[in-house]
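What follows is calculated from the coordinates using simple rules that are stated; it is not laboratory data. Just so you know, these numbers come straight off a predicted model, no measurement behind them. No Cβ is skipped: glycine too gets one built from the backbone with ideal geometry, and neighbour counts run over all protein chains shown.
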Amino acid sequence: MTKLVIGANGFLGSHVTRLLVGDGHQVRAMVRPTAKTTGIDDLDVERVHGDIWDDDALRAAMDGVDDVYYCVVDTRGWLRDPAPLFRTNVDGTRNVLEIACEAGLHRFVYTSSYVTVGRRRGHVATEDDVIGDEKKLTPYVRSRVQAEKLVMQYARERGLPAVAMCVSTTYGSGDWGRTPHGAIIAGAAFGKLPFVMSGIELEAVGVDDAARAMVLAAEQGRVGERYLISEKMISNAEVVRIAAEAAGMPVPRRSIPLPLSYAMATLGTVKAKLTGTDQQMSLGSLRLMRAEAPVDHSKAVRELGWQPRPVEESIRDAARFWAGLRDARRRSKAG
């Protein structure tokens with residue numbers, strides 16, 4: 001049977017697509033007509049052009065498939081106007097779920113986030129930990145929580161065979177779209193990272209390992225369940241050190257303490273309000289970079305048979321990816 005990846009051009013989506021092709025499956029990739037598809041251009045896949053609002057394209061894409069991997073998300077947690085986050089992450093997901101309910105699927109594997117799990121200091125969070133007061137959440141996190149609740153509601157009330165994968169920060173090669181966290185590794189690999197933000201830790205996982213968890217969820221995941229997909233908590237400073245060394249570049253010596261990071265983020269937030277522009281360095285984006293507490297991925301290990309590599313290996317893969325592009329650029333200029 002055919003496997004469908006919606007959002008196959010994205011960082012995680014392209015790795016899910018590549019893994020499925022490598023496993024010998026027939027794969028259908030749904031991408032927007034204008035999407036950059038560098039990450040899957042070398043793969044033998046059937047393409048369907050359309051977006052998550054195109055009902056006809058969605059029905060055509062899901063026709064005859066058994067498993068759907070939904071990898072579409074707006075991650076721009078710094079947006080001054082959060083409306084696009086809710087339109088894509090909540091309303092768009094609802095539209096896809098409606099079509100999926102008609103398709104007679106075996107599994108609908110939904111890319112959620114570890115931010116939907118209730119975390120507090122001094123406690124190791126599991127899938128059983130829920131977030132209580134949504135009013136305290138940033139708009140981005142609130143959109144992810146609401147979307148995951150929708151998926152679980154469709155599984156419970158509409159019979160959709162859905163599984164939610166609570167994926168943490170992903171690292172690895174093939175980050176052609178330069179994700180915000182990938183940009184940090186790119187900066188280290190190109191020697192253009194002026195400083196390191198200290199005092200920041202985040203949950204992380206290799207993108208290949210996250211993709212493998214998605215595939216395993218289609219095979220072994222229990223309908224209506226969510227699974228934490230994260231290898232470990234790691235500091236931002238450690239990510240930069242590993243990346244710089246793997247890329248053969250000096251490790252940035254300057255660091256800024258956490259209070260100064262918050263001061264910079266506050267200034268960014270104020271500037272966004274005064275100028276009406278989006279500022280990537282904002283209180284919302286900084287809060288996303290702080291994991292607050294570790295999470296436990298043992299449920300995925302136990303039920304899916306998931307065995308992730310140390311995330312440090314994936315950070316080195318990412319650094320070597322960027323270093324390769326750096327060296328190619330230098331050779332092009334020299335020639």
- Residue by residue, what Karplus-based ³J(HN,Hα) values in Hz, rounded to whole numbers, does the stretch 129-137 have, using 6.51, -1.76 and 1.60 with θ = phi - 60° and x for Gly and Pro? 7, 10, 8, x, 8, 5, 5, 7, 7
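Using the scaling law 2.2 N^0.38 Å as the reference, what is the normalised Cα Rg of the stretch 77-122? Display every interim value, and only then the final one.
Numbers: Rg = 14.5 Å, N = 46, 2.2 N^0.38 = 9.4 Å.
This ratio for the stretch 77-122 stands at 1.54.
How large is the dipole of the chain about the Cα centre if only Lys and Arg carry +1 and Asp and Glu carry -1, each at its Cβ, rounded to the nearest 20 debye?
Working: 45 positive and 42 negative charges, 316 e Å.
In total the dipole reaches around 1520 debye.
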- Message: Quick one: 3J(HN,Hα) in Hz for the stretch 95-102, Karplus 6.51/-1.76/1.60 with θ = phi - 60°, rounded, Gly and Pro as x.
- Response: 5, 5, 4, 4, 5, 4, 5, 8
- Item | Residues with amide H under 5 Å from that of W306, placed H, sequence gap 5 or more | V301
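Restricting to Cα atoms and excluding each atom paired with itself, what does the Kirkwood estimate give for the stretch 130-180 in Å?
Numbers: mean 1/r = 0.0749 Å⁻¹.
About 13.3 Å, per the Kirkwood formula over Cα pairs.
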- Query: Across bins of 10 angstrom width beginning at 0, how are the C-alpha pair distances of the stretch 60-194 distributed, in whole percent?
  - Reply: 11, 35, 34, 17, 3, 0
- Query: Taking the Cα centre of the stretch 17-63 as the origin, how large is its charge dipole in debye, to the nearest 20, when only Lys and Arg (+1) and Asp and Glu (-1) carry charge on their Cβ atoms?
  - Reply: 140 debye
- Note on the structure: Sorted by chain and number, the residues with a modelled amide H under 5 Å from that of D129, at a separation of 5 or more or across chains, are G118
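Using DSSP to define loop residues, name the trypsin sites (Lys or Arg not before Pro) in the stretch 30-76 whose beta-carbon has at most 14 other beta-carbon atoms within 10 Å.
Values: sites: K36, R47, R59, R76; in loops: K36, R76.
Of the trypsin sites (Lys or Arg not before Pro), the ones in loops of the stretch 30-76 whose Cβ has at most 14 other Cβ atoms within 10 Å are K36.
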- Message: Taking θ = phi - 60°, what integer Hz values does the Karplus form 6.51 cos²θ - 1.76 cosθ + 1.60 yield along the stretch 227-236, in sequence order, with x for Gly and Pro?
- Response: 10, 7, 10, 8, 7, 6, 8, 9, 7, 4
- Item | Amide proton proximity set for T2, modelled H, under 5 Å, gap of 5+ | D66
